[in-house]
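Worksheet for the structure shown next.
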Amino acid sequence: MSGIQEDDDLVFHKITSLLEPLNEKGVKLTRETDIIADLEIDSVSLLDVVMDIEDNYDISIPVNTISEIKTIGELVDAIHKIKKEQS
Amino acid sequence: MSLFEKFEDKSRLLKGLLEQSPRDPFSVSMDEMLGPTRAMVKGKEIVLAGTNNYLGLTYDEGAIEAACDAVKSSGTGTTGSRFANGTYAGHKELEADLAEFLGYKHCIVFSTGYQANLGAISALAAPPNDVILIDADCHACIYDGCQLSGAETIRFRHNDPESLDKRLSRLGPEVKGKLVCLEGMYSMFGDVAPVKEFVEVAHKHGAQVLLDEAHSFGVFGEGGRGVCERDGVLADVDFYTGTFSKSLASIGGFVASNHPELEYLRFSSRPYVFTASPSPANVAAASAALKKISTDSSMRTRLWENAERIHAAFTQLGFELCAPASPVIAVKLKNKEEAFMAWNVLMENGVYVNLAIPPGTPNAASILRLSVSAAHTNEDLDVVVDAYTTLSQILAKGAA
Ligand SMILES: Cc1ncc(COP(=O)(O)O)c(C=O)c1O
């Protein structure tokens, strides 16, 4: 259980480190942060961040999945799910 | 008013920029057209350097005459779709001519290039077992085609065959059809895809390639057949899409292929079945332009001379350019504010180019997109270079 927790944290940290340069307003990043609305980034920039995540974890995240994701927590969960499916 | 809230959020971002801007770059009206490269805008004569009129054929005498004849003989509109009453002899002849020119066995004409991509992609790929892989910088109509298809869609890094290779390698055995979508020359930066490498990677994984040569048809390749002709892989492209709205100087679009199955699209592609066919005048103008392109390469020669001249001049002026010389020459500005200012300077100096700001631009860049035309005269280009010289002086002063 703690293993999952740790892994979750690592993914969460990876994502926040990639989003931080776009976080112009200095919003505190949590699992509940709405990536597009709270950070005021556009959907194209989000797609580009996702591309970095894909290369980092060697997974493919379909555009269809990304368009359903709102929060950082949902992105973390999606990455875990895809990591499991594609490994 | 909840339907409109989302527009307010978006327009708020633009509003500040527009308030500072003497002219609105997104609602320019060509009050009177003076020819392929000149128009009157608010009482001022402007050189048009932000079009897609690469070969300058919009005022070609033969095309104008053919369009006028077509209106007189076949009427102003077809009032129906290709699938029903909207297929005339002209549509069939143009399909045959395009197929022959490109060297493919099959071709289908759509009402616009947007619909050709939308129609091809949405009909070819279907959930749950097909996957579409698209270059990250693909045009909106390719993205929309993916959405309409509903199939799983994966982006690969722009112009990066290795990135495509990785993503194709990750696909599981449950995946049946794989459709790779990319463009020849990209419209914003004027950069060109390594089409040969992409085709090799795709075919190695059993994927099929859809190549949109919207901006490169008539422009690249010895015969003007696009980047895939230049790269020697024209026959290896599975689906070649194009538009009449750029080098062919009309309105319409097409998909060409050697796969006989292409014909399935005629009843399974919604953007083919459920919209009116291109008008007789559009078809006749495109046919005439195609004949001219296939027999006369002098426009292409002139286009590239103009491109080289402008690219060299801008390089000398110290502008940051987005790609090597091509008919699209994009200058990168520091930010949106500077791009708006620069666009206004060019208009005041008699030159219209396209302002493009994020979102929707590659790498979130703020750019001025200039496109040259074979119809640009030396005098037109003098006006362009003078205006950019003035701009570079203003930018230098601002930086000092
Ligand atoms: C790459 C690309 N494909 C397709 C299109 C659509 O062409 P059309 O104007 O015929 O709809 C465009 C033009 O905007 C384009 O840039």
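Quick look at the values:
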quantity: Qualifying residue in the range A:56-63 (condition: modelled with pLDDT under 90, at the interface with chain B (Cβ under 9 Å from one of its Cβ atoms) and either in a helix (DSSP H, G or I) or open to solvent by 30 Å² or more (accessible area, probe 1.4 Å) (or both)); calculated: no
quantity: Strands (runs of 3 or more DSSP E) enclosed by the range B:22-129 - at least 2 residues per element that are open to solvent by 70 Å² or more (accessible area, probe 1.4 Å) and free of Cβ contacts under 8 Å to residues at least 24 places away in the same chain; calculated: B:32-35
quantity: Condition met for residue B:148 (among the aliphatic types (A, V, I, L, M) and open to solvent by less than 10 Å² (accessible area, probe 1.4 Å)); calculated: no
quantity: Leading residue by the ranking (nearest to the other protein chains (Cβ to nearest Cβ)) among those in the range A:19-36 that are in contact (Cβ under 8 Å) with a residue 12 or more places away in the chain and open to solvent by 60 Å² or more (accessible area, probe 1.4 Å); calculated: A:36
quantity: Every residue from the range B:75-129 that is more than 16 Å from the ligand (Cβ to nearest atom) and within 14 Å of chain A (Cβ to nearest Cβ); calculated: B:125, B:126, B:127, B:128, B:129
quantity: Answer residue from the range B:151-171, given it is open to solvent by less than 10 Å² (accessible area, probe 1.4 Å) and in contact with a Ser or Thr (Cβ under 8 Å, 6 or more places away or on another chain) and is nearest to residue B:261 (Cα to Cα) among those; calculated: B:154
quantity: Qualifying residue in the range B:227-245 (condition: of a type outside the set (D, E, K, R), at negative phi, open to solvent by 30 Å² or more (accessible area, probe 1.4 Å) and within 12 Å of the ligand (Cβ to nearest atom)); calculated: yes
quantity: Subset tally (residues that are at the interface with chain B (Cβ under 9 Å from one of its Cβ atoms) and under 13 Å from the mean Cα position of the chain (by Cα)) for the range A:44-54; calculated: 6
quantity: The range B:354-400, residues that are among the aliphatic types (A, V, I, L, M), within 14 Å of chain A (Cβ to nearest Cβ) and assigned to a helix (DSSP H, G or I); calculated: B:364
quantity: Complete set of residues in the range B:246-264 that are within 16 Å of the ligand (Cβ to nearest atom), assigned to a loop (DSSP other than H, G, I, E, B) and not polar (S, T, N, Q); calculated: B:246, B:248, B:249, B:251, B:252
quantity: In the range B:130-142, residue nearest to the other protein chains (Cβ to nearest Cβ) [restricted to those that are over 16 Å from residue B:269 (Cα atoms) and either near the ligand (Cβ under 10 Å from one of its atoms) or surrounded by fewer than 22 Cβ atoms within 10 Å (Cβ to Cβ) (or both)]; calculated: B:136
quantity: Residue that is crowded, with 16+ Cβ neighbours inside 10 Å, over 30 Å from residue B:65 (Cβ atoms) and assigned by TED's automatic domain parsing to the domain that holds residue B:187, where the choices are B:248, B:290, B:333, B:265; calculated: B:265
quantity: Out of B:202, B:193, B:207, sole residue that is within 14 Å of chain A (Cβ to nearest Cβ) and either open to solvent by less than 10 Å² (accessible area, probe 1.4 Å) or under 24 Å from residue B:330 (Cβ atoms) (or both); calculated: B:207
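The values are calculated or read from the model by the stated rules, or taken from the named source; none is laboratory data. The shown structure was predicted, so the numbers you read here are calculated from the model rather than taken from an experiment. Positions of Cβ are generated from backbone atoms using ideal geometry, with glycine treated the same way; all protein chains shown enter the neighbour counts. When the accessible area is computed, the model is the full protein with side chains, heavy atoms only, and any ligands, DNA or RNA have been set aside. Shrake-Rupley method; radii C 1.70, N 1.55, O 1.52, S 1.80 Å.
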